[in-house]
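Below is one structure, written out as structure tokens; comments come after it.
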């Protein structure tokens, strides 16, 4: 190998090293766009761009507006009204959309279809909850028995948890579950059995159909179910109007 060939090889190495450094020191960090971290130490997505990137990488992370997937589902979104345990709206008044990640939305459609065969349907109290709202809850209550600790983020923040009940399709009336939504007494627990046979049967119906289609239950709240593997999904803090545009 003569000196000319050696110089050519060295020049090529310099070019390769320069390209490597340009990509890893300039291009890659710009693409990574690290997530924001809250004062509680939780990373979260608050921009449309970052959300779109996660969906592009993993289609199952898409947030689905429930009525687009399940047109017959009934909404009673309590946190957009004062009719909740903090007696004040936590979402913008008039909010009439809610969202669930794609696999969970597909499973909930199967739940609705099975209940329909028995003359029943679903009423939704809450699904997706922006992370900033969880912080508001915590600062009002600061009791993990009743609200999620923002240092962990919640299934609702990840678009995986759902609060719901069953209605009679003919009358639109909720089945008697023994307590209302957001009742923080032992009576709301799945293990509480000092209830009428009708109430126990109604809770059993909801529990069996939700578990059958892949949801897990929260022991202390008969209305709360969630999709498993929540650690695979990011915490979101994107408002409902923006998510509506993104889901379209």
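The values are calculated or read from the model by the stated rules, or taken from the named source; none is laboratory data. Because the structure is predicted, anything quoted here is derived from the model rather than measured. No Cβ is skipped: glycine too gets one built from the backbone with ideal geometry, and neighbour counts run over all protein chains shown.
Filter region 195-211 for residues that are free of Cβ contacts under 8 Å to residues at least 24 places away in the same chain and either in contact with a helix residue (DSSP H, G or I) (Cβ under 8 Å, 6 or more places away or on another chain) or more than 20 Å from residue 168 (Cα to Cα) (or both) and give the result.
Passing the criteria: 195, 211.
Need the failing condition index for residue 87 against (1) more than 28 Å from residue 248 (Cβ to Cβ); (2) crowded, with 18+ Cβ neighbours inside 10 Å, just the number.
Unmet condition: (2).
Report every pair of residues separated by at least 6 positions or lying on different chains whose Cβ atoms are under 6 Å apart, first residue within region 43-56 and under 13 Å from residue 157 (Cβ atoms), second at pLDDT 95 or above and assigned to a helix (DSSP H, G or I).
Note: pairs meeting the criteria are 44/131; 45/51.
Tell me which residues, restricted to region 91-134, are assigned to a loop (DSSP other than H, G, I, E, B), more than 16 Å from residue 236 (Cα to Cα) and either modelled with pLDDT under 95 or in contact with a strand residue (DSSP E or B) (Cβ under 8 Å, 6 or more places away or on another chain) (or both).
Residues of region 91-134 assigned to a loop (DSSP other than H, G, I, E, B): 91-98, 117-119, 127-130.
With more than 16 Å from residue 236 (Cα to Cα) added as a condition, the list becomes 92-96, 117-119.
92, 93, 94, 95, 96, 119, listed by residue number.
So which of 205, 200 ends up being at pLDDT 95 or above and farther than 16 Å from residue 111 by Cα?
Working: 205 fails: farther than 16 Å from residue 111 by Cα.
Selected residue: 200, the only one of 205, 200 that is at pLDDT 95 or above and farther than 16 Å from residue 111 by Cα.
Restrict the check to region 234-246 and report whether at least one residue is under 21 Å from residue 79 (Cβ atoms), crowded, with 16+ Cβ neighbours inside 10 Å and free of Cβ contacts under 8 Å to residues at least 60 places away in the same chain.
No.
Could you go through region 128-139 and let me know if any residue there is closer than 24 Å to residue 241 by Cβ and in contact with a helix residue (DSSP H, G or I) (Cβ under 6 Å, 6 or more places away or on another chain).
Within region 128-139 (the criterion being closer than 24 Å to residue 241 by Cβ and in contact with a helix residue (DSSP H, G or I) (Cβ under 6 Å, 6 or more places away or on another chain)), the answer is no, since none of the residues qualifies.
Any residue that is in contact (Cβ under 8 Å) with a residue 40 or more places away in the chain and exposed (fewer than 14 other Cβ atoms within 10 Å of the Cβ) - is there at least one of those in region 171-194? Talk me through it step by step, then tell me what you get.
Filtering region 171-194 for residues in contact (Cβ under 8 Å) with a residue 40 or more places away in the chain gives 172, 174-175, 177-179, 181-182, 184.
Those left that are additionally exposed (fewer than 14 other Cβ atoms within 10 Å of the Cβ): 172.
Yes - at least one qualifying residue is present in region 171-194.
Would you mind finding the one in 153, 159 that is crowded, with 20+ Cβ neighbours inside 10 Å, at pLDDT below 95, under 22 Å from the mean Cα position of the chain (by Cα) and assigned to a loop (DSSP other than H, G, I, E, B)? Explain how you work it out, then say what you get.
Working: 159 fails: at pLDDT below 95.
Answer to the check: 153.
Would you mention how many residues in region 189-248 are assigned to a loop (DSSP other than H, G, I, E, B), touching a strand residue (DSSP E or B) at 6+ places or on another chain (Cβ under 9 Å) and within 18 Å of residue 123 (Cα to Cα)?
Result for region 189-248: 2.
Regarding residue 143, is this residue at pLDDT below 95, out of contact with any helix residue (DSSP H, G or I) (no Cβ under 9 Å at 6 or more places or on another chain) and either part of a loop (DSSP other than H, G, I, E, B) or within 29 Å of residue 232 (Cβ to Cβ) (or both)? It would help to see each step written out before you state the result.
Working: at pLDDT below 95: yes; out of contact with any helix residue (DSSP H, G or I) (no Cβ under 9 Å at 6 or more places or on another chain): yes; either part of a loop (DSSP other than H, G, I, E, B) or within 29 Å of residue 232 (Cβ to Cβ) (or both): yes.
Judged against the criteria, residue 143 is a match.
What residue, of 82, 130, 93, is within 21 Å of residue 67 (Cβ to Cβ) and surrounded by fewer than 19 Cβ atoms within 10 Å (Cβ to Cβ)? Spell out how you get there, then give the answer.
Values: 82 fails: within 21 Å of residue 67 (Cβ to Cβ); 130 fails: surrounded by fewer than 19 Cβ atoms within 10 Å (Cβ to Cβ).
Every option except 93 fails the conditions.
For the list (1) modelled with pLDDT under 95; (2) over 27 Å from residue 137 (Cα atoms), I need the number of the one condition that residue 82 fails.
The failed condition is (2).
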